[in-house]
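Only one structure is covered here, and it is reproduced in the block below.
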Amino acid sequence: MSILILGGGIAGITAATYLGEQGQKVALIEREEGLGGRLNNLFSVYDLGISPKDFVSRQITKLKKFSNVDIFTCAELIETKGHVGNFNSKLKIKNSKPVKIKHGAIIIATGVNVSAPKMDCNSQKIINHTHLEDYISNNKIKRLSKVIFLCDFAKEDSQIIALSTLKNALLLREKLRCEVSVLSRNIKVAGKKFEQLYTAVREKGVIFSAVEGVDVEGLHLICDWLVIGESILPDHGTEVLSLTLGVERDKQGFFQNNNVHFMPNLSNRKGIFFAGACHIDAGLNDILDDSLTAAYAAHNLLEKNTIEIDEKTAEVDEEKCALCLTCIRSCPHKAIDIEFSREVGKKAAKIVEEACFGCGICASLCPSRAIQLREYEDEKILKLIG
Amino acid sequence: MAYKPNITIFCCENSVYETALNVSKRHSNIQIIKVPCSGEISSIHILKCFESGRDMVIVIACIEEACHFINGNIKVGKVVEAARNRLKELDIDDKRLQILNFAPNMDEKFHSAFEDIVLQASELGSIYKKR
């Protein structure tokens, strides 16, 4: 297997399809019984033309045609050893024996968790987006005269909620011709087709009211339904996965993408990429683009069947290594292993060259000065100092 | 005439390196050493600077959460603190060792910080001067 893709939502499916088309061997791992993820539960996506469920079904059918793509459902990643170009992973599969897979790269596409906020009051009139999708798709809506959406109200809302607000506002206005209002501080229309959607919503006569500077304590709202957005949280497997794979998360617990020096799909480890909602906050169109970018990056890495080694890597003098494990604990890229060295007859730290980023942190912290960073050796720097 | 201090600046190549390099080219008493990450700097390098007669050592690291290697800019904080303790033991003013954090686009802030540093170093005087 060349590439392991974690997550069978639209991001994972899109990446797997691209890689399948390129002739790469792919293993797609999905925790649930079926593929499709959150798109299976959405009634509509703006400007998609077909239902999200049909859309994702088509993609799944297309994907299943590739003989070089293996799909594992009810499966979870337990362990990954090795480094870029040479990973070894173990999967746990429900009602089946564990499976071991060799692969050169990993794409993490595990998505997000949509979590309904806890409500202090028990009103039938206060609903969230998931409820709304459910009512609309099951035709449970009778007559409504007024619906109010709260968006970006108490706290900054995710783009997913903002898009859902606009899309559903448009739907309610078109279907039921009731009065629809959106109360918000900001609607940020940064995203593919987002501005187009906002314009369509305004043209249909949805009322937007800004709440900046308004005293919201004791605000009295008269409506049939008050729609509140859910919280978008990291998928519940994210913490364990970040430990299993040694990848970083940001302060909110999502996979790290807010580092100005990193290309968005790259992680702190060579050969491990991110795709989709697990690392960016965006609607379907941007998720599709993002997944293709991740797939392309992975394909580019493994296309030539060789992994390029940077010249500026660090090297351990095994003689001096005391196995204190400082370097292993401080390497941000998990690029150091322990190996038995024949030359000196003992175990010592070993820098995995293809995984090394050349930062020199290990070299700096090694108490015995056993690690030298090429082109920044102690001798060279001390000579410069004079 | 004010004392002209000898300063070595260790500069992370992802921080304001280009700007710092240009500034150092204009002053013969300022030395810039490029490092791939501020986390690469070891206390040995810092202390050797003082041993070789530098009056001031500045470490330039990336701003918080902007380290290309996740947290090298945090790790160097501990290295600098260890070096500072050595300086205290040697009765050397630990203001001679400082960390500054810059993003690559913070040119102006770097220039004003640099002037401030030179002034401080000038006032502290030669490292060989008895306290």
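The values are calculated or read from the model by the stated rules, or taken from the named source; none is laboratory data. Computed from a predicted model, the values in this text were never measured in an experiment. Neighbour counts are summed over all protein chains in view; Cβ atoms, including those assigned to glycine, are modelled from backbone coordinates with ideal geometry. Heads up: the accessible areas ignore ligands, DNA and RNA and are worked out on the full protein's heavy atoms, side chains in. Shrake-Rupley method; radii C 1.70, N 1.55, O 1.52, S 1.80 Å.
Pairwise Cα separations in segment A:1-82 fall into 5 Å bins from 0 onward with the following percentages, short to long: 3, 16, 25, 23, 17, 10, 4, 1, 1. Straight-line reach from residue A:100: taking Cα to Cα under 18 Å and skipping same-chain neighbours fewer than 8 places apart, the aspartates and glutamates in range are A:30, A:70, A:76, A:79. Viscosity 1.002 mPa s, temperature 20 °C: what is the translational diffusion coefficient of segment A:117-229 from Stokes-Einstein with a Kirkwood Rh over Cα pairs, rounded to a whole number of µm²/s? Value of D from the Cα-based Kirkwood radius: 148 µm²/s.
Rounded to the nearest 0.05, what FRET efficiency do residue A:378 and residue A:239 give with R0 = 30 Å and r taken as the Cβ-Cβ distance? Could you check? According to the calculation, E is roughly 0.20.
For chain B, DSSP calls about 5 percent of its internal beta bridges antiparallel.
Of the accessible area of segment B:1-116, with the probe set at 1.4 angstrom, what percent is carbon plus sulfur? Its accessible area is 49 percent carbon and sulfur atoms.
What does the accessible area per residue of segment A:117-229 come to in Å², with a 1.4 Å probe and no ligands, DNA or RNA counted?
Values: 6510 Å² over 113 residues.
Computed with neighbouring chains in place, this is 58 Å² per residue.
Of the trypsin sites (Lys or Arg not before Pro) in segment A:1-65, the ones in a loop by DSSP (not H, G, I, E or B) with at most 11 other beta carbons within 10 Å are A:65. When the alpha carbon gyration tensor of chain B is reduced to an equivalent ellipsoid, its three semi-axes come out at 23, 18, 11 angstrom, largest first. The contact residues of segment B:60-84, meaning those that lose at least 20 Å² of 1.4 Å-probe accessible area when all protein chains sit together rather than their chain alone, are B:65, B:66, B:68, B:69, B:70, B:75, B:79.
Rounded to the nearest 500, the helix-only mean residue ellipticity at 222 nm of chain A stands at -8500 deg cm²/dmol, with each DSSP H run of n ≥ 4 adding -39,500 (n - 2.57). Selection among A:305, A:240, A:275 by position relative to the dipole of segment A:213-314 gives A:305 as farthest towards the positive end (Cβ unit charges, Cα centre). Compactness of chain A is given as radius of gyration and Dmax, 25.2, 84 Å, from Cα positions. With all protein chains kept in place, the per residue accessible area of segment B:7-124 amounts to 43 square angstrom at a probe of 1.4 angstrom.
With 50 Å² as the minimum drop in accessible area between chain alone and full protein complex (1.4 Å probe), the qualifying residues in segment A:236-275 are A:261. Among A:356, A:225, A:331, whose Cα sits farthest toward the positive end of the charge dipole of the protein assembly as shown (+1 at Cβ of Lys/Arg, -1 at Cβ of Asp/Glu, about the Cα centre)? Final value for the positive-end residue is A:225. FRET efficiency for the residue A:263 to residue A:202 pair, using the beta carbon distance and R₀ = 41 Å, is estimated at 0.70. Only protein heavy atoms count here; on that basis, with a 1.4 Å probe, residue A:341 has an accessible area of about 10 Å². Give me the number: length gained by fully extending residue A:94 to residue A:344, i.e. 0.36 nm times residue separation minus the C-alpha to C-alpha distance, one decimal in nm. Extra length from residue A:94 to residue A:344 when fully extended: 85.4 nm.
Our summary of shape: the Cα atoms of segment A:19-145 have principal axis extents of 60, 36, 28 Å, ordered from largest down, in whole angstrom.
Put a dot 7 Å past the Cα of residue A:156, heading toward its Cβ, do the same for residue A:300, and the two dots end up 2.8 nm apart.
Among DSSP beta bridges lying fully in the protein assembly as shown, give the percent that are antiparallel, nearest 5. Just about 35 percent of them are antiparallel.
Using Cβ point charges alone (K and R +1, D and E -1), the dipole size of segment A:117-229 about the Cα centre works out to roughly 520 debye.
Counting only aspartates and glutamates at least 8 places from residue B:109 when in the same chain, those with an alpha carbon closer than 19 Å to its own are B:13, B:18, B:64, B:65. As a fraction of the 1.4 Å probe accessible area of segment A:45-110, surface on carbon and sulfur atoms comes out at 47 percent.
Modelled label positions at residue A:125 and residue A:178, each set 7 Å beyond Cα in the direction of Cβ, lie 1.1 nm from each other. Among the listed pairs A:64/A:94; B:34/B:75; A:142/A:175; A:53/A:188, those whose Cα-Cα separation exceeds 19 Å are A:64/A:94; A:53/A:188.
In the structure shown, the pairs A:25/A:97; A:62/A:193; A:65/A:97; A:350/B:25; A:140/A:167 are assessed against 28 Å; a Cα-Cα span above that value is assigned to A:350/B:25.
If you stretched the chain out fully between residue A:219 and residue A:74, how much longer would it get, using 0.36 nm times the residue separation minus the C-alpha to C-alpha distance?
47.5 nm
In this simple spin-label model, placing a label point 7 Å from the Cα along the Cα-to-Cβ direction at both residue A:369 and residue A:116 gives a separation of 6.5 nm. In the context of the full protein assembly, residue B:74 retains an accessible surface of approximately 90 Å², using a probe radius of 1.4 Å and ignoring ligands and nucleic acids. Of all aspartates and glutamates in the structure, those lying under 13 Å Cα to Cα from residue B:129, and not within fewer than 8 positions of it along the same chain, are B:55, B:91, B:93. The charge dipole of segment B:7-124, taken about its Cα centre with unit charges on the Cβ atoms of Lys, Arg (+1), Asp and Glu (-1) only, comes to about 300 debye.
Rounded to the nearest 100, the interface formed by chains A and B buries 2400 square angstrom of accessible surface, both chains summed, with a 1.4 Å probe.
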